[in-house]
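The values are calculated or read from the model by the stated rules, or taken from the named source; none is laboratory data. Because the structure is a prediction, the values reported are computed rather than measured. Cβ placement follows ideal geometry from the backbone for every residue including glycine, while neighbour counts extend to all protein chains displayed.
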Amino acid sequence: MLTGFTGPDEPSYQTLVKEFNDTHPDIQVTMTVEPWATVGQKLPASWATGQGPDLATPSSDPGSIFSYIKTNSVLPLDPAVGSGADQIDSAAFPPSVKAAFTVGGKLYAVPANMATLALYYNKDMFAAAGISTPPTTEDDLIADAKKLTIGAAGKPSQYGISLADNNTIQMWPVLQWMSGGDILDSNNCAAVNSAASVSALTTWSQLVAKDHISPVGQAGADADTLFASKKAAMEINGPWAAAGFKSAGINLGIAQVPVGSAGPVTLASTVPLMIERTTKHPAQAKTFLAWYTSKTAQEKFSQVSGFPPARTDLGNSTAGDPAVSVFAQALPHAKLYLAGQSVASQIDSDVYVPFIQKIERGAGVQSAADDAAKQINKLTGCKQN
């Protein structure tokens, strides 16, 4: 099994593989770890020629599955799907994940991991500002972000929230979703210039450009550093950030993403795990995926990794760890960014990121959104009257 899990969470995956091997003496899985860039270079050719690993996580991007399906490189998993002990219980996957990994009515991947975004906040900064609890509504979030921004206009010494717009887990789509906006509609046509999207993005871009609640142009690492260095009171981030923030000495709070007019929503993140089509061990590979996504394995993975389980039916099992519980409770309403879209990476890098960077700096939202919509529709092939 080839993966790109080179980070501090690698031992968690190795722990799961070892437990599978220990409990399945007739099947042995060897996990090889290489940087994502290397995986992306090696895997397409090796799988296309039938010379690759039996199992692999092709990319940290869920949309990567499309290229492997197009080249007929991966095995559909439907014959192994079901609720039995040795079957892949895809009905327990978060709905957005199951939908993203289903193409042409066939399931091609299981989630190698699962994460949602939550609101990190600095309890000491909140107390100093006279705020006793984290925000639970979008209106509260806006009010708190303003109140927690301290310093001269344009150059705060403390920011209310740390937002990233590039090289990051996406934060801005969550701000759109809160109010019912989106990037694409169900017909793969642009929704970034819908009334709901424009309204939400006008509110948040003005909060950044005029109220200076966050710096502009931050990469994900910059946003993390700002919060970790106690120069921002809040950040929207995933479970991987908790340990670093705690080690930075922050009196850390973690809460659900505040709820806007469209109801509870947050961003989901997952990595696809797939089987090579020409593997000599299809039954064994499916057995591993069934076990890996089982209640027992996912509960174990959550305990050792701090990530929520990749199932929606294990919420109570995470109650002992308040941090994990926050992320797990968000699974039923978590959405993947540009899910099921074969040109997702192009929409993100070529259109959405530049669009957000423009409006953060004061560009008119409606005009910029209309331009972005035209580019998105060209990429997706949407034809609108």
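Restricting the search to region 97-109, which residues are among the hydrophobic types (A, V, I, L, M, F, W, C) and buried (at least 19 other Cβ atoms within 10 Å of the Cβ)? The answer is Val97, Ala100, Phe101, Ala109.
Please tell me if Ala112 is assigned to a strand (DSSP E or B) and either surrounded by fewer than 20 Cβ atoms within 10 Å (Cβ to Cβ) or in contact (Cβ under 8 Å) with a residue 40 or more places away in the chain (or both). Taking the combined requirement at face value, the residue satisfies it. Counting just the residues of region 115-146 that are within 25 Å of Pro308 (Cα to Cα) and β-branched (Val, Ile, Thr), which one comes out surrounded by the most Cβ atoms within 10 Å (Cβ to Cβ)? Applying the filter and picking the extreme gives Thr116. Annotation: Thr133 fulfils all but one of (1) of a type outside the set (A, V, I, L, M); (2) free of Cβ contacts under 8 Å to residues at least 24 places away in the same chain; (3) out of contact with any Ser or Thr (no Cβ under 8 Å at 6 or more places or on another chain); (4) not assigned by TED's automatic domain parsing to the domain that holds Ala228; the unmet one is (4).
The number of residues in region 347-385 that are of a type outside the set (A, V, I, L, M, F, W, C) and either more than 16 Å from Asn188 (Cα to Cα) or not in a helix (DSSP H, G or I) (or both) comes to 16. Check whether at least one residue in region 220-227 is assigned by TED's automatic domain parsing to the domain that holds Pro135 and in a loop (DSSP other than H, G, I, E, B), and report yes or no. No, region 220-227 has no match at all. Here the condition is being under 22 Å from Lys335 (Cα atoms), buried (at least 19 other Cβ atoms within 10 Å of the Cβ), in contact with a Cys (Cβ under 9 Å, 6 or more places away or on another chain) and small (Gly, Ala, Ser); of Ala190, Ala164, Ala200, Ala241, it holds for Ala190 alone. Tell me, which residue of region 248-269 that is polar (S, T, N, Q) and not in a loop (DSSP other than H, G, I, E, B) is nearest to the chain's Cα centre (by Cα)? Here the answer is Ser269. Quick check, is Ser261 polar (S, T, N, Q), surrounded by fewer than 18 Cβ atoms within 10 Å (Cβ to Cβ), under 24 Å from Val174 (Cα atoms) and outside the structural domain of Pro95 (by TED's automatic domain parsing)? Yes; evaluated as a whole, the condition is true for this residue.
Residue pairs whose Cβ atoms lie under 6 Å apart, separated by 6 or more positions or on different chains, with the first residue in region 72-97 and farther than 18 Å from Pro309 by Cβ and assigned to a helix (DSSP H, G or I) and the second basic (Lys, Arg) and at pLDDT 95 or above, are Asp78/Lys106; Ala80/Lys286.
Condition check ((1) out of contact with any Gly (no Cβ under 7 Å at 6 or more places or on another chain); (2) hydroxyl-bearing (Ser, Thr, Tyr); (3) on the phi > 0 side of the Ramachandran plot) across all residues:
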{"residue": "Ala152", "(1), (2), (3)": "yes, no, no"}
{"residue": "Ser157", "(1), (2), (3)": "no, yes, no"}
{"residue": "Asp165", "(1), (2), (3)": "no, no, no"}
{"residue": "Met171", "(1), (2), (3)": "yes, no, no"}
{"residue": "Val174", "(1), (2), (3)": "yes, no, no"}
{"residue": "Asp182", "(1), (2), (3)": "yes, no, no"}
{"residue": "Asn188", "(1), (2), (3)": "yes, no, yes"}
{"residue": "Trp204", "(1), (2), (3)": "yes, no, no"}
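Could you tell me whether region 54-64 includes any residue that is out of contact with any His (no Cβ under 7 Å at 6 or more places or on another chain), aliphatic (A, V, I, L, M) and surrounded by fewer than 23 Cβ atoms within 10 Å (Cβ to Cβ)? Checking region 54-64: not a single residue is out of contact with any His (no Cβ under 7 Å at 6 or more places or on another chain), aliphatic (A, V, I, L, M) and surrounded by fewer than 23 Cβ atoms within 10 Å (Cβ to Cβ). Taking the conditions (1) surrounded by 20 or more Cβ atoms within 10 Å (Cβ to Cβ); (2) in contact with a Pro (Cβ under 9 Å, 6 or more places away or on another chain) in turn, Glu299 satisfies each one other than (1). Is there a residue in region 20-35 that is aromatic (Phe, Trp, Tyr) and in a loop (DSSP other than H, G, I, E, B)? No, that holds for no residue. Considering every residue within region 300-321, establish whether at least one is in contact with a strand residue (DSSP E or B) (Cβ under 8 Å, 6 or more places away or on another chain) and over 21 Å from Ala255 (Cα atoms). Within region 300-321, one or more residues are in contact with a strand residue (DSSP E or B) (Cβ under 8 Å, 6 or more places away or on another chain) and over 21 Å from Ala255 (Cα atoms). Give me the residue from region 190-214 that is in a loop (DSSP other than H, G, I, E, B) and within 22 Å of the chain's Cα centre (by Cα) and, out of that set, nearest to Asn122 (Cα to Cα). Among residues in region 190-214 that are in a loop (DSSP other than H, G, I, E, B) and within 22 Å of the chain's Cα centre (by Cα), the one nearest to Asn122 (Cα to Cα) is Ser214. Could you tell me whether Pro35 is of a type outside the set (Ser, Thr, Tyr), farther than 21 Å from Ala290 by Cα and either within 23 Å of the chain's Cα centre (by Cα) or at pLDDT 95 or above (or both)? It is true that Pro35 is of a type outside the set (Ser, Thr, Tyr), farther than 21 Å from Ala290 by Cα and either within 23 Å of the chain's Cα centre (by Cα) or at pLDDT 95 or above (or both).
For the residues Ser269, Ser302, Ser325, Ser294, the requirement of being on the phi < 0 side of the Ramachandran plot, among the small types (Gly, Ala, Ser) and free of Cβ contacts under 8 Å to residues at least 24 places away in the same chain singles out Ser325. From the list Ser46, Ser64, the one residue that fits, being part of a helix (DSSP H, G or I), among the small types (Gly, Ala, Ser) and farther than 22 Å from Leu267 by Cβ, is Ser46.
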